[in-house]
Amino acid sequence: MARAPLLQLTDISLTFGGDPVFEDLSAIVQEGDRVALVGRNGSGKSTLMKVMAGLIEADKGDRVIPAGVTVGYMEQDPTMEGFATLGDYAASELDEAERYRIEMVAEGLKFDPARPVETASGGERRRAALAKLMAEAPELMLLDEPTNHLDIEAVQWLEDQLKNIKAGYVLISHDRAFLRSLTRATLWIDRGMVRRQETGFDGFEAWRDKIWEDEDVALHKMDRKIKAEARWAVEGISARRKRNQGRVRALQEMRADRASVIKRQGTAALQLDSGPVSGKKVIEARGLTKAFDDKQIVKGLDLLVQRGDRVAFVGPNGVGKTTVIKMLLGQEAPDEGSVSLGTNLEVAVFDQTRAQLDPEMTLWDSLTGDPEMRVGGRADQVMVRGNPKHVVAYLKDFLFDEGQARAPVKSLSGGEKARLLLAKLMAKPSNLLVLDEPTNDLDIETLDLLQELLDNYDGTVILVSHDRDFLDRVATTTIAMEGNGNATVYAGGWSDYLAQRGEQTKQDKVEKAEKPKAEKPKAENRKSGLTFTEKHRLEALPAEIDKLTAEIGKLEVLMADPELFTKQPVKFQKATEALVQRQDALAAAEEEWLLLMEKSEA
């Protein structure tokens, strides 16, 4: 049975005084659709969603919504003028008898309906906008980055709600796990054109890469044909000039077609210089305890962070993750316990509030001046990891065009602000990166690049994120802050944490049930063999050993160059230290594998 359309766009064209954002764009959303809307930062995803919502009128084309169909749009920056509290805004379209819905949604999204609008943060305002949409329950929901500013528990709650509603929805998000779980179709914006595939986000990247591969093959064939026809035009046209004018015109048309092909947007040229090598011990905390009034942030935390670790903090918003990180960096004193920092640390911080960016300063001044002193820079170059580079050239590395160099920071989108902050961060050498919600507003391609960059970074990373996929890709240790001062250290990323927590919960229940009956010591009652965590570790170790072996081989080839020591002594020293570190890590991994294999066979 055919599904009824909820929204239809036909031949939509839109410009903002320059090149077209869209031209002859058509799309349809049907009953029950769960659509991922994807594309690069700046491709027009949010603009298209506003066209769908009727907030932006296209220059030409039709937007059709059948009679009786309700459409709701979640605003990224909601206007709340005239409302005293967040709850008043969220319930503004509901009858008095339906206001209870706001209380129900507020609990899941963790926002206070009684919070005055004037004191609410940007994140609280966004959660109120999301609550408004969820409580109104339209037949078509348009959700633009709904997981930004939500902690993992709230993201999971929202995911469960969207799985079970009957409404159709179009979803913009950078959260791979969220998109994979919810979507059944994909709308992809690429250079002003929208393509649709009837599979969810899980199949998007393979589909995208195949389209790009086919496009590259077709362009290569066209280039070869143009080259051949151009040679013919020079060498063979004179004897048959009249007869071959049609072929000449065909060559001109091919050249025009080739010139009209819009190039794909590149990826940001992200690079990190790990700078001087830090000591093996980066941070050591013993008995770390902190409380504010009656709120216990952390109690008795012992933690050792070593060079090369990727430590992720997870937990509800407001539980104190940022406070703990400040204590670990020596920026805030604990009530009890101690923190010792390793030697030779160069710290770089990516702040989720973008406090390092002055909205009134230009991009140029942000890179060359001092935003903390509100002083712009006079230079036309920026020092990038010790080497001078023109400001515009460096901005282009991060996908900004020349016209944006003198624009104010406040004119940038969320993704562009994130890229600018990354540009500032990566201009300076560092060996300890602190990343507080780095994935907010970044597109999928930039996230891939950032994850690859962190994989190859020789320094240490401390990370706060609600992006479960990113945590799985990056983190080697996860610290779960669960409230009441509880902070538990787990090996691995988000999925490892869930598995270990589930195993521990299961073990606790078994031990509790068996305790009254037990006549033998607990150690004798335990099953022999490997625990879940040990099995997981045993499966992961061969790949880790192979990776370390390959890295050692590359370093040995590099150091075999007899001129390296005399011509590049700093590089030689770094390579030597990296080789020793990887050799130690390989020996430890091989020893761990042997011990686990022996235990497995016992």
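Data table
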{"quantity": "Residue list for the stretch 75-112, restricted to those being under 29 Å from the mean Cα position of the chain (by Cα), surrounded by 14 or more Cβ atoms within 10 Å (Cβ to Cβ) and free of Cβ contacts under 8 Å to residues at least 40 places away in the same chain", "calculated": "V105, A106, F111, D112"}
{"quantity": "Hey, S43 surrounded by 13 or more Cβ atoms within 10 Å (Cβ to Cβ), out of contact with any Leu (no Cβ under 7 Å at 6 or more places or on another chain) and in the same structural domain as R180 (by TED's automatic domain parsing) or not", "calculated": "yes"}
{"quantity": "Residue that is farthest from V319 (Cα to Cα) [pool: residues in the stretch 155-176 that are small (G, A, S) and crowded, with 22+ Cβ neighbours inside 10 Å]", "calculated": "G168"}
{"quantity": "In the stretch 42-74, the residues that are in contact with a Pro (Cβ under 9 Å, 6 or more places away or on another chain), over 29 Å from L399 (Cβ atoms) and either without any contact (Cβ under 8 Å) to a residue 24 or more places away in the chain or hydrophobic (A, V, I, L, M, F, W, C) (or both)", "calculated": "V64, I65, V69, V71"}
{"quantity": "Answer from V489, V510 - the residue that is out of contact with any Gly (no Cβ under 7 Å at 6 or more places or on another chain) and at pLDDT 80 or above", "calculated": "V489"}
{"quantity": "Near pairs, Cβ below 8 angstrom, 6+ apart or cross-chain, from the stretch 426-455 (more than 24 Å from T322 (Cβ to Cβ)) to any residue that is aliphatic (A, V, I, L, M) and assigned to a loop (DSSP other than H, G, I, E, B)", "calculated": "L449/A268; L449/L270"}
{"quantity": "Any hit, the stretch 428-437, residues being of a type in the set (A, V, I, L, M) and touching a His at 6+ places or on another chain (Cβ under 8 Å)", "calculated": "no"}
{"quantity": "Failed item, numbered, when K567 is tested on (1) out of contact with any helix residue (DSSP H, G or I) (no Cβ under 9 Å at 6 or more places or on another chain); (2) at pLDDT 75 or above", "calculated": "(2)"}
{"quantity": "Filter result for R240 (charged (D, E, K, R) and at pLDDT below 85)", "calculated": "yes"}
{"quantity": "Candidate set from the stretch 138-171 (those that are in a strand (DSSP E or B) and among the aliphatic types (A, V, I, L, M)); member that is nearest to I65 (Cα to Cα)", "calculated": "L140"}
{"quantity": "Among residues of the stretch 565-579, those that are part of a helix (DSSP H, G or I), surrounded by 11 or more Cβ atoms within 10 Å (Cβ to Cβ) and not charged (D, E, K, R), counted", "calculated": "7"}
{"quantity": "Qualifying positions in the stretch 184-210 - loosely packed, with under 14 Cβ neighbours inside 10 Å, among the acidic types (D, E) and not in a loop (DSSP other than H, G, I, E, B)", "calculated": "D209"}
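The values are calculated or read from the model by the stated rules, or taken from the named source; none is laboratory data. Only a predicted model underlies this, so the values are computations on that prediction, with no experimental measurement involved. All Cβ positions, even for glycine, are placed from backbone atoms using ideal geometry, and neighbour counts span all protein chains on display.
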